[in-house]
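What follows is a single structure, and I will ask about it in a moment.
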Amino acid sequence: MVIKSGIPGLDEILGGGIPARTINLVCGPAGSAKTLFGMQFLLGGAKNGEKGIYITLEESRSNIERAMNNYRFNLLEYQKNNNILIMDLGAMRKEALSKDIEKGMANFSSISKVIKNIQKLTNAKRCVVDSITALGLYYSNVEELRRELFVFATELKEMDMTSLLISEAPDGSNSLTRYGIEQFVCDSFIVLGLEDVKGELRRTIMVRKMRFAKHDTTKHPIVITPDGIAVQAETKIF
Ligand SMILES: Nc1ncnc2c1ncn2[C@@H]1O[C@H](COP(=O)(O)OP(=O)(O)OP(=O)(O)O)[C@@H](O)[C@H]1O
Ligand SMILES: [Mg+2]
């Protein structure tokens, strides 16, 4: 079974949509519309009554709400009806640190517990974690991070949700993800790009991996309009 991604044009290049109960990695450099992508993924479900959880670890909830206010999403309505829940775990993490409670407030296992509790209460079907890169800082080496991310992904799958993990790509580097392992642990890997073409930024998307589906592997342009991002599935970038 596949679910609608919520992003116009994307389902066409995915071969119908996102396979349900998978862990999907969305990666891109600063300003490549990762947060917008994540929110549209939740809105795509919320329009059909599927509840969604948005976990933000660095950007504040008010910042996200302010940014989303620029689009014709009516996010506030979905929040009022509890169809979209934005959880600011960055603020919780700060509070815990200031009270000297526990440093572990922001590792994969503590976040997994928070998500599990909310999922049970709300019966949410979609979840976004923005971003997992911040959590990598809590591990002393890449092997440990990979192991913990794998456990986190497995726990998310057991929650009967389709999840989207956002990850930052280092600017101006050849590596697609910060730690070089995120894409192996997840079922899919979608790369958002920002390219400088003759002094203008071009937004792109490429599906590099999608387990369980035959997908389009070419690069496509993305546009941002007052309705959010849309993939131009009929146009290819070579
Ligand atoms: N109203 C708008 N119309 C068109 N483009 C916009 C509008 N508002 C913001 N943008 C573009 O969207 C980009 C931000 O998108 P978003 O916050 O989703 O990116 P991000 O990848 O999550 O960024 P970050 O790395 O900071 O988390 C901005 O850099 C800006 O170029
Ligand atoms: Mg963001």
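The values are calculated or read from the model by the stated rules, or taken from the named source; none is laboratory data. As the structure is a computational prediction, the values presented were derived from the model and not from experiment. For neighbour counting, all protein chains shown are included, and Cβ atoms are generated from backbone atoms with ideal geometry for every residue, glycine included. For the accessible areas, the whole protein counts, side chains as well, though only heavy atoms, and no ligand, DNA or RNA atoms are used. Shrake-Rupley method; radii C 1.70, N 1.55, O 1.52, S 1.80 Å.
At a 1.4 Å probe, what is the % contribution of carbon and sulfur to the accessible area of the range 2-231?
49 percent
Treat each spin label as a single point 7 Å out from the Cα along the C-beta direction, and report the D171 to K157 distance in nm.
Between D171 and K157, the simple spin-label model gives 3.6 nm.
Over the chain, calculate the relative contact order: mean separation of alpha carbon pairs under 8 Å at least 6 apart, over the residue count, as a percent.
Once normalised by length, the contact order is 29 percent.
Could you pull out every residue, at least 5 positions away or on a different chain, whose amide H is within less than 5 Å of the one on R202? Hs are placed 1.01 Å off N in the peptide plane, and Pro or chain starts have none.
Close amide H contacts, sequence-distant or interchain: E195, D196, V197.
Restricting to DSSP loop positions (anything but H, G, I, E, B) with no more than 14 other Cβ atoms inside 10 Å of their own Cβ, which GluC sites (Glu not before Pro) remain in the range 140-238? Present the calculation step by step, with values, prior to reporting the outcome.
Values: sites: E143, E144, E148, E155, E158, E168, E182, E195, E200, E234; in loops: E234.
Listed in order of number, the matching sites are E234.
Additional query: Excluding ligands, DNA and RNA, what is the solvent-accessible area per residue of the range 2-231 at a probe of 1.4 Å, expressed in Å²?
Ligands and nucleic acids excluded, the result is 48 Å² per residue.
Another question, then. Which of L149, T122, L176 sits farthest toward the positive end of the charge dipole of the range 95-199, with +1 on the Cβ of Lys and Arg and -1 on the Cβ of Asp and Glu?
Checking the options against the dipole of the range 95-199, the answer is T122.
Ok, one more. Determine the gain in length on full extension of the stretch L76-I181; use 0.36 nm per residue of separation and subtract their C-alpha separation, reporting nm with one decimal.
Working: separation 105, 0.36 × 105 = 37.80 nm, distance 3.56 nm.
Here the answer is 34.2 nm.
Mind giving me the FRET efficiency for A230 and E144? R0 is 45 Å, r the Cβ-Cβ distance, nearest 0.05 is fine.
Once the sixth-power term is evaluated, E becomes 0.70.
Let me ask you something else. Where a ≥ b ≥ c are the square roots of the eigenvalues of the C-alpha gyration tensor, would you call the range 125-168 rounded, which needs a/c under 1.5, or, failing that, prolate if a/b is larger than b/c, or oblate?
oblate
Counting other Cβ atoms within 10 Å of each Cβ, which trypsin sites (Lys or Arg not before Pro) in the range 50-155 have at most 12 and sit in a DSSP loop?
R72, K99
Quick check: from the Cα gyration tensor, does the chain come out rounded (a/c under 1.5), prolate or oblate?
Verdict is rounded for the chain.
Full extension from K214 to V197: what is 0.36 nm times the residue separation minus their Cα-Cα distance, to one decimal in nm?
Going from the current span to full extension adds 3.1 nm.
Where q = 0.14, 0.28 Å⁻¹, what log10 of I(q)/I(0) comes from the Debye formula for the range 1-72, counting one point per Cα?
Per q value, in the given order, log10 I(q)/I(0) is -0.48, -1.54.
Step through the table entries K80/K120; K4/K236; K113/K219; K157/K236; K47/K113; K80/K214, compare each Cα-Cα distance with 29 Å, and write down the pairs that go over it. Show your work: numbers first, answer last.
Values: K80/K120 19 Å; K4/K236 22 Å; K113/K219 36 Å; K157/K236 33 Å; K47/K113 27 Å; K80/K214 38 Å.
Cα-Cα > 29 Å for K113/K219; K157/K236; K80/K214; rest within.
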